[in-house]
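Student: Have a look at this one before I ask anything.
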Amino acid sequence: MGKLVRIALLTIAVLLFSAISLPASQPTTTGPIKIGFMGNLSAPFSLSAKAAAMLAVEEINNAGGILGRKVELIVEDTKGEIPKCVEIYKKLVITDRVHAVIIAEKVEMGVAGMEIGAELFPEYPHIFFSTIGSGDDIWHHVRDNYKKYRFGFQTYYSTSTNYLKIVAGINSDIYKNLVKTDKVAIIYEDMEWTKPLRKGLPNVSPPLAGVYKERGLQVVNETTLSLDQKMFSPVFEAAAKAGAGVIDCAIGYIDQAAFVKQWATSSARNIPLMIWGGLAGMPAAWKATEGKVNGVMVGSSMIRVPITKKTIPFMDNLVNKYKIGPIFGSHTTYDTIFGFKKAIEKAGGTANIDKLISALENVEEEAVLGKIGWDKKYHFNLPYPKYVTPIVQWQKGEMKVIYPLEYKMADYASPADLRK
């Protein structure tokens, strides 16, 4: 009897050891490939990204899926709240058993998702993509602790580091060679993504003003705006008084309609604005500003220029099928899903998470705005010139590409000339 008890106990011990030794939840290798999508569905950028995700899934499924498996998209609304984001992330990974989570929101939301994802990852292996957040915090996590955060990938086309190293160079070229000025006033909005621009990055780059100085520009005025600010005229008056030849606006989330209208009636109305993103780069800006956006320059991914053979079809299909235009983050969300598809195919499926991560680190293929792919070491999207955001200028009701020159639709014109 004692021998039987010992055998039974030994059997139980072996079973318990096996259960402890194996991950509690391996990614499913059959059935649909599940992708969780979350965003603030009352915000235009998340709604456009959601439509882009739906479009990508529809196109992939119509073409036979991924390795014969259909793709299932599970959409959730964070309502712009970080606690809600964390709750949804847990639900998608633990209950829905998704293979990937996409967060199409500002970088603070992506960081919150990445942290809870890191807690879940050992037991619930999955991939995380941030497709709108542009700060450095996400890829810094990968850099500082690759083993813990290797599941995370940042797809938005410019991180803060690339803003300083790449975008600042593009702007300098435009100011000196198109606008013909070397005097710059800088306006920042007080958000996480602008902190590196205002303060610089230790051992990486000086602040934006320092980069401009290195490139032969004189920064004559700097101002930081709060998100709830509504009165902008004093800022423009100060830029004009300082002798600015261009006003560089690192903004994307403030009330841009009010911002542009007040510029157009200020003493700085003939000083060109360069806006980094947001409403000014959308077709709706003309109506929202009552045409006052005329002459404004802005980085915009919403222009009908065939950067690749995918650019125009993507824009048209998004409008025709989902009645919504492409906004920043929609292109990267669409391209992310196709990049994920490519990686799954390279990895031979979803069974081996580290093989899938390695495949993502080696993906590079044609996308809507150039090439989609991720840095092998830090997991941020391959930057310009591989992924392109054209600089456009509003000219009498239309956005016209003025840079890069290979996509140019019109010459730069001064705001005063455009108002004639």
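The numbers here are math on the coordinates, done by the rules we state, and not lab data. Remember, predicted model here, so these are calculated numbers, not experimental data. Positions of Cβ are generated from backbone atoms using ideal geometry, with glycine treated the same way; all protein chains shown enter the neighbour counts.
Student: Would you kindly calculate the mean projected area, averaged across all directions, of the convex hull enclosing the Cα atoms of segment 213-265, in square nanometres?
Tutor: For segment 213-265, the mean projected area of the Cα convex hull comes to 4.0 nm².
Student: Right, here's the next one. By average Cβ neighbour count within 10 Å, what is the ranking of 334-340, 289-295 from highest down?
Tutor: 334-340, 289-295
Student: Springs between alpha-carbon atoms under 10 Å, Gaussian network over the chain: tell me which of Asp77, Asp248, Asp136 tops the mean-square fluctuations.
Tutor: So, out of Asp77, Asp248, Asp136, the one fluctuating most is Asp77.
Student: Semi-axes of the equivalent ellipsoid for the chain, please: Cα gyration tensor eigenvalues, times 5, square-rooted, ordered largest first, whole Å.
Tutor: 45, 22, 18
Student: Turning to a different aspect of this structure: Using only the Cα atoms, what convex hull volume per residue in Å³ does segment 345-397 have?
Tutor: Normalising the Cα hull of segment 345-397 by residue number yields 103 Å³.
Student: Treating cross-link reach as a plain straight distance, find the lysines whose alpha-carbon is under 16 Å from the alpha-carbon of Lys386, omitting any fewer than eight places away in the same chain.
Tutor: Lys165, Lys309, Lys310, Lys371, Lys376
Student: When the Cα atoms of segment 100-192 are enclosed in a convex hull and the volume is divided per residue, what value in Å³ results?
Tutor: 99 Å³
Student: Same structure, new question: Rounded to whole Å and sorted largest first, list the principal axis extents of the Cα atoms in segment 34-150.
Tutor: Largest first, segment 34-150 extends 40, 31, 25 Å along its Cα principal axes.
Student: Order of Arg69, Arg215 from fewest to most other C-beta atoms within 10 Å?
Tutor: Arg215, Arg69
Student: Given segment 171-236, report the % of alpha carbon pairs whose separation exceeds 13 Å.
Tutor: 66 percent
Student: So what J values fall out for segment 79-93 if you push phi through Karplus, 6.51 cos²θ - 1.76 cosθ + 1.60 with θ = phi - 60°, rounded to Hz, Gly and Pro as x?
Tutor: Per residue, the Karplus-derived 3J(HN,Hα) values read 6, x, 10, 4, x, 5, 4, 4, 4, 5, 4, 4, 4, 4, 7 Hz.
Student: For segment 150-202, what size does the Cα cloud have along each of its three principal axes, sorted from largest down, in whole Å?
Tutor: Taking max minus min along each principal axis of the Cα atoms, segment 150-202 gives 45, 21, 20 Å.
Student: Please give the direction-averaged projected area of the C-alpha convex hull for segment 253-309, in square nanometres with one decimal.
Tutor: Taking a quarter of the hull surface, the average projection is 4.2 nm².
Student: Let me ask you something else. By how many degrees, 0 to 90 and rounded to 10, does the Cα axis of helix 2-21 deviate from the longest principal axis of the chain?
Tutor: 10 degrees
Student: On a 0 to 90° scale, report how tilted helix 330-347 is relative to the longest principal axis of the chain, with both axes built from alpha carbons and the result rounded to the nearest 10.
Tutor: For 330-347 against the chain, the angle is about 30 degrees.
Student: Right, next: Taking the Cα atoms of segment 130-262, what is the range of coordinates along each of the three principal axes, in descending order and whole Å?
Tutor: Taking the Cα atoms of segment 130-262, the three principal extents are 52, 33, 23 Å.
Student: Restricting attention to the alpha-carbon atoms of segment 299-420, what are Rg (one decimal) and Dmax (integer), both in Å?
Tutor: Gyration radius and largest Cα-Cα distance of segment 299-420: 17.4, 63 Å.
Student: Would you mind estimating how fast segment 281-327 diffuses translationally, via Stokes-Einstein at 25 °C and 0.890 mPa s with the Kirkwood radius over Cα pairs, in µm²/s?
Tutor: The estimated diffusion coefficient comes to 208 µm²/s.
Student: Peptides 101-112, 236-247: what's the order by average Cβ count within 10 Å, highest mean first?
Tutor: My ranking of the peptides, most packed first, is 101-112, 236-247.
Student: Please report the projected area of segment 224-346's Cα convex hull averaged over all directions, in nm².
Tutor: If I average the Cα hull's projected area over directions, I get 9.8 nm².
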